[in-house]
Amino acid sequence: MSRFPLDETHDPAATSWVVGAAEPDTDFPLQNLPFCAFSVGTETPRIGVGIGRMVLDITAAAEAGLLDLAEAEAAACAHPVLNPLMAMGPAAWQRLRRALFRLLHKDAPAPWRTEAAVSCLVPMAGLRFHLPVAIGDYTDFYASIDHATNVGRMFRPDQPLLPNYKYVPIGYHGRASSISADNRPVHRPTGQRKRPDDAEPSFGPCRQLDWELELGFLIGTGNAQGESIAIEQAGAHLFGVTLLNDWSARDLQAWEYQPLGPFLAKNFATSIGPFVVTMAALAPFRIPAHVRPESDPAPLPYLFDPADQAEGGFAIDVSVELRSATMRAASGQFDHITTVGFQHMYWTAAQMVAHHSSNGCNLQPGDLLGSGTISTPDPAAVGSLLELTRRGQAPITLSSGETRSFLQDGDEVRMTARAHRDGARSIGFGRCEAVIVG
């Protein structure tokens, strides 16, 4: 399995001169350097890197002669999306990461470089963030065996987990056009709904709107149509990771999903975080893949790589918070709902890439692969309201005294994530937020 090596950019003692970058709880220390697309006012979006409480304008820094980049690499960063850079491959990504690290390090060798870099920094507060990549295709996987079992038990108590689950990474083709990353409100979808005791379906607003707590993996370099990506090389085709909320209309989904799977219950909106944490930044947080019980079948050869089994997981905790319109008007505070660990995922990101391309499907720079809802064996550490409230039968109570089985209009959902491991500087993913409107 190809991976990004540990180097000086992962040194946990390294600090930056940028405001906020040395704070212990910052998402964006010098070891992270996540990419984003931002604008000020009505300006055209530009590619930047999060550092502390600031964003570094990469094009401005390159034009000022502050980054040691080849002309093609600088030109790729001048686009309003990351796709041209992603298509250049790991060597170019690593050169840019090291150049940014040197510029932003507190011991930057030339004082004039630091002084010039100040003019290339803009405060995060007040910026407008955009989709950092042009997403041509979106595939959502179902990689958590705990989520699959929890949901299956609700609808198929005699056979919660379908026979193919332990053999094949299940996924479905999502809708790329309805993905947003700028805190765009989510409109409650309408569609066909049918309660168990209804004689016929009706058409109207979704009654059971839910979040799905996920991570999204972004393809860097792709593959030619008709070719496949070997599991040993799959990691080198991944550029980075972002927060992902795969909004779900559960009542629409329950009625329509057979026989072909999700459709209108999923394609109305997907939210991703504005920051892309690179695979290089995540190198210190690789851990062994989920350990399969001895009774489970081994992955088929095209999905098995000893190196992937040894380090295909990630030490990342993902959290969701909620506040109602009442809470927003009163204290403004969010309630923490749950935190789940990504290490419980049954299938690795490399296995998703290898399986997706195994039939010759051509993945392209900017394609988005959702992990699927992240859940754990702990009933309180699950990634959806469907599981947390047991399909609405056990509502949660908010600090305002309100209860929720599913989301109501005015509710605001915030997702965050943090990678942490002994001996490494913890890094974060920013926020993925949206408000439900009727």
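Taking the stated definitions as given, is PHE203 among the aromatic types (Phe, Trp, Tyr), in a strand (DSSP E or B) and surrounded by 18 or more Cβ atoms within 10 Å (Cβ to Cβ)? Here the answer is no, as PHE203 does not meet what is asked. Restricting attention to the range 104-123, and to residues there that are over 29 Å from the mean Cα position of the chain (by Cα) and in a loop (DSSP other than H, G, I, E, B), which single residue is nearest to PRO29 (Cα to Cα)? Selected residue: LYS106. Listed by position, the helices (runs of 4 or more DSSP H) enclosed by the range 276-384 that each have at least 1 residues that are in contact (Cβ under 8 Å) with a residue 12 or more places away in the chain, surrounded by fewer than 19 Cβ atoms within 10 Å (Cβ to Cβ) and small (Gly, Ala, Ser) are 306-311, 325-330. Any chance the range 180-197 includes a residue that's buried (at least 16 other Cβ atoms within 10 Å of the Cβ), touching a residue at least 60 places away in the same chain (Cβ under 8 Å), closer than 24 Å to GLN343 by Cβ and not assigned by TED's automatic domain parsing to the domain that holds LEU82? No, because not a single residue in the range 180-197 is buried (at least 16 other Cβ atoms within 10 Å of the Cβ), touching a residue at least 60 places away in the same chain (Cβ under 8 Å), closer than 24 Å to GLN343 by Cβ and not assigned by TED's automatic domain parsing to the domain that holds LEU82.
When MET54, MET86 are screened for being buried (at least 20 other Cβ atoms within 10 Å of the Cβ) and under 21 Å from ALA14 (Cβ atoms), only MET54 passes. Tallying residues that are under 17 Å from ARG195 (Cβ atoms) and either out of contact with any strand residue (DSSP E or B) (no Cβ under 7 Å at 6 or more places or on another chain) or not in a strand (DSSP E or B) (or both) within the range 206-222 yields 3.
Could you list, in sequence order, the residues of the range 259-275 that are more than 27 Å from PRO12 (Cβ to Cβ) and in contact (Cβ under 8 Å) with a residue 40 or more places away in the chain? The answer is GLY261, PRO262, LEU264, ALA265, LYS266, ASN267, PHE268, ALA269, THR270, SER271, ILE272.
Within the range 4-43, the residues that satisfy the criterion of being more than 20 Å from ALA117 (Cα to Cα) and hydroxyl-bearing (Ser, Thr, Tyr) are THR26, THR42.
Could you list, in sequence order, the residues of the range 13-30 that are of a type in the set (A, V, I, L, M, F, W, C) and either over 22 Å from PRO274 (Cα atoms) or loosely packed, with under 13 Cβ neighbours inside 10 Å (or both)? Within the range 13-30, ALA13, ALA14, TRP17 meet the criteria.
Scanning the range 235-256 for residues that are farther than 21 Å from LEU85 by Cβ and in a helix (DSSP H, G or I) gives ARG250, ASP251, LEU252, GLN253, ALA254, TRP255, GLU256. State yes or no: is PRO284 at pLDDT below 95 and in the same structural domain as ARG193 (by TED's automatic domain parsing)? No: the conditions fail for PRO284.
Scanning the range 104-129 for residues that are buried (at least 18 other Cβ atoms within 10 Å of the Cβ) and farther than 19 Å from ALA64 by Cα returns MET124, PHE129. Once the range 236-275 is narrowed to residues that are under 26 Å from PRO365 (Cβ atoms) and polar (S, T, N, Q), the residue that is surrounded by the fewest Cβ atoms within 10 Å (Cβ to Cβ) is ASN267.
In the set (1) farther than 30 Å from ALA14 by Cβ; (2) touching a Pro at 6+ places or on another chain (Cβ under 7 Å); (3) not hydrophobic (A, V, I, L, M, F, W, C), ARG421 fails one condition alone, (1). Among the conditions (1) closer than 24 Å to LEU33 by Cβ; (2) under 21 Å from the mean Cα position of the chain (by Cα); (3) not charged (D, E, K, R), GLY423 misses just one, which is (2). Taking GLY226 as the residue in question, decide whether it is surrounded by fewer than 24 Cβ atoms within 10 Å (Cβ to Cβ) and in contact with a Leu (Cβ under 9 Å, 6 or more places away or on another chain). No; evaluated as a whole, the condition is false for this residue. Kindly indicate whether ASN164 is in contact (Cβ under 8 Å) with a residue 24 or more places away in the chain, closer than 29 Å to HIS344 by Cα and surrounded by fewer than 20 Cβ atoms within 10 Å (Cβ to Cβ). So ASN164 fails the test. Mind checking which residues of the range 170-200 are in a loop (DSSP other than H, G, I, E, B) and in contact with a strand residue (DSSP E or B) (Cβ under 6 Å, 6 or more places away or on another chain)? Once the filter is applied, which keeps residues that are in a loop (DSSP other than H, G, I, E, B) and in contact with a strand residue (DSSP E or B) (Cβ under 6 Å, 6 or more places away or on another chain), the range 170-200 yields GLY174, ALA181, ASP182, ASN183, PRO185, ARG188, PRO189. Of all the listed residues (VAL55, VAL49), the sole one being touching a residue at least 60 places away in the same chain (Cβ under 8 Å) and in contact with a strand residue (DSSP E or B) (Cβ under 6 Å, 6 or more places away or on another chain) is VAL55.
The values are calculated or read from the model by the stated rules, or taken from the named source; none is laboratory data. Not measured: the values here are computed from a predicted model. Positions of Cβ are backbone-derived with ideal geometry, glycine not excepted, and every protein chain shown enters the neighbour counts.
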